[in-house]
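A.B. asks: One structure, as structure tokens, below. Some questions next.
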Amino acid sequence: VYYSFSTNAAVAASTPLWQAGKQHEFGVKSDLFNKRISITVAHFQLTENNVSARNPLYNLGLSPIDMFYADLSSHGFEANVAGGITDNLSVIMSYTNMHLRDFVGRRQRNIPDNMATLLLNYRFSEGALKKANVFAGVIHQGNVAGENVTGFTSLGVPQQPGFYVAAYNVVNAGIGYQ
């Protein structure tokens, strides 16, 4: 069982504002099968202030404000598995589920709420295929907001992203020889 706290700070982009972030993470790490497999499960909470976003109206000459600055927060959990299932078969797997939102609850561009990866590798140690290996992997990325939105309607309601990019999966497979 572990707990980790980290913090960072820097000058925010394009202006002399202080930008700081904090992360709390707690979880469980363990080894199984004579330490051949390592497993980690963790919960995290992140905050960051004065995150800059370009004002889209500025480039159109409709606003004198170049950048918006807001606070972001994210929380979620992740799981990781890595190691050798057998002497010949190894695995690397990860899953992350997070909730990154701006100060009014909007999703940020190109940041999925969930991601997963799996890689299996089989290494031949005997016979005609000795020194050869085969592998297969899958990458999953959940849907993402297609744009960052920073504005509000005339009634003060936060504008929402105009479109989302669909979730996708990528499958890779291959062979190797050493």
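The values are calculated or read from the model by the stated rules, or taken from the named source; none is laboratory data. Quick caveat: nothing in here was measured; it's all calculated off a predicted structure. Note: ideal-geometry Cβ built from the backbone for every residue, glycine included; neighbour counts use all protein chains shown. The area values use the complete protein model at the heavy-atom level, side chains included, leaving out ligands, DNA and RNA. Shrake-Rupley method; radii C 1.70, N 1.55, O 1.52, S 1.80 Å.
A.B. asks: Any chance you could count how many residues in the range 125-151 are open to solvent by 60 Å² or more (accessible area, probe 1.4 Å), in a strand (DSSP E or B) and either in contact with a Pro (Cβ under 7 Å, 6 or more places away or on another chain) or without any contact (Cβ under 8 Å) to a residue 24 or more places away in the chain (or both)?
C.D. replies: 0
A.B. asks: Can you run down the residue pairs with Cβ atoms below 6 Å, 6 or more apart or on separate chains, where the first is in the range 63-92 and touching a residue at least 24 places away in the same chain (Cβ under 8 Å) and the partner is among the basic types (Lys, Arg) and in a strand (DSSP E or B)?
C.D. replies: 88/123
A.B. asks: Could you tell me whether the range 34-53 includes any residue that is open to solvent by 70 Å² or more (accessible area, probe 1.4 Å) and at pLDDT 95 or above?
C.D. replies: yes
A.B. asks: For the range 97-124, give me each residue that is open to solvent by 60 Å² or more (accessible area, probe 1.4 Å) and aliphatic (A, V, I, L, M).
C.D. replies: The answer is 115, 118, 119, 120.
A.B. asks: Now a separate question. So, in the range 95-108, of the ones that are in contact (Cβ under 8 Å) with a residue 24 or more places away in the chain, in a strand (DSSP E or B) and out of contact with any Gly (no Cβ under 7 Å at 6 or more places or on another chain), which residue ends up farthest from residue 44 (Cα to Cα)?
C.D. replies: Within the range 95-108, the match that is farthest from residue 44 (Cα to Cα) is 107.
A.B. asks: Here's a follow-up. Conditions first: (1) within 27 Å of residue 91 (Cβ to Cβ); (2) surrounded by 15 or more Cβ atoms within 10 Å (Cβ to Cβ); (3) not β-branched (Val, Ile, Thr). Residue 168 passes all but one, so which condition is the exception?
C.D. replies: Of everything listed in (1) within 27 Å of residue 91 (Cβ to Cβ); (2) surrounded by 15 or more Cβ atoms within 10 Å (Cβ to Cβ); (3) not β-branched (Val, Ile, Thr), residue 168 misses just condition (2).
A.B. asks: If you go through the range 76-83 one residue at a time, do you hit one that is surrounded by 14 or more Cβ atoms within 10 Å (Cβ to Cβ), closer than 26 Å to residue 38 by Cα, in contact with a His (Cβ under 6 Å, 6 or more places away or on another chain) and not aliphatic (A, V, I, L, M)?
C.D. replies: Yes, that holds for at least one residue.
A.B. asks: Might you check whether a residue that is at pLDDT 80 or above, in a strand (DSSP E or B), out of contact with any helix residue (DSSP H, G or I) (no Cβ under 6 Å at 6 or more places or on another chain) and open to solvent by less than 80 Å² (accessible area, probe 1.4 Å) occurs anywhere in the range 59-69?
C.D. replies: The answer is no, given that none of the residues of the range 59-69 is at pLDDT 80 or above, in a strand (DSSP E or B), out of contact with any helix residue (DSSP H, G or I) (no Cβ under 6 Å at 6 or more places or on another chain) and open to solvent by less than 80 Å² (accessible area, probe 1.4 Å).
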